[in-house]
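Worksheet for the structure shown next.
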């Protein structure tokens with residue numbers, strides 16, 4: 001007994017707006033990609049990465065709320081809030097520099 005559910009289509013047709021079609025064509029014409037399919041695969045890979053990063057951020061924010069609810073939060077005034085922001089920015093810049 002064979003089921004069509006076990007077979008996957010080799011191709012998928014997708015309708016794009018004229019603007020997106022131009023973008024895909026520009027990417028192929030630039031030589032960065034060989035085919036429109038490569039452009040779409042890269043776009044979907046980046047979308048997947050963004051979705052995963054967003055989900056991780058949501059989980060991190062929820063963990064922070066949970067900690068705060070357990071009384072493990074910290075209160076900041078204007079000065080200490082600025083110091084915290086400066087430390088976070090500094091860490092972000094350092095991490096971004098290491099990636100380059």
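The values are calculated or read from the model by the stated rules, or taken from the named source; none is laboratory data. What you see is a predicted model; the values in this text were computed from it and never measured. Here Cβ is always computed from backbone atoms with ideal geometry, including for glycine, and neighbour counts include all displayed protein chains.
Applying a threshold of 6 Å to beta carbon distances and a minimum spacing of six or more residues, or different chains, the list of pairs starting in the range 1-23 at a residue that is closer than 15 Å to residue 39 by Cβ and ending at one that is part of a loop (DSSP other than H, G, I, E, B) and at pLDDT below 75 is empty. Taking each residue of the range 57-83 that is in a loop (DSSP other than H, G, I, E, B) and looking for partners that are surrounded by fewer than 10 Cβ atoms within 10 Å (Cβ to Cβ) with beta-carbon atoms closer than 6 Å, six or more apart or interchain, yields nothing. Go through the range 24-46 and report how many residues are surrounded by 11 or more Cβ atoms within 10 Å (Cβ to Cβ), free of Cβ contacts under 8 Å to residues at least 24 places away in the same chain and not in a loop (DSSP other than H, G, I, E, B). Qualifying residue count for the region: 12.
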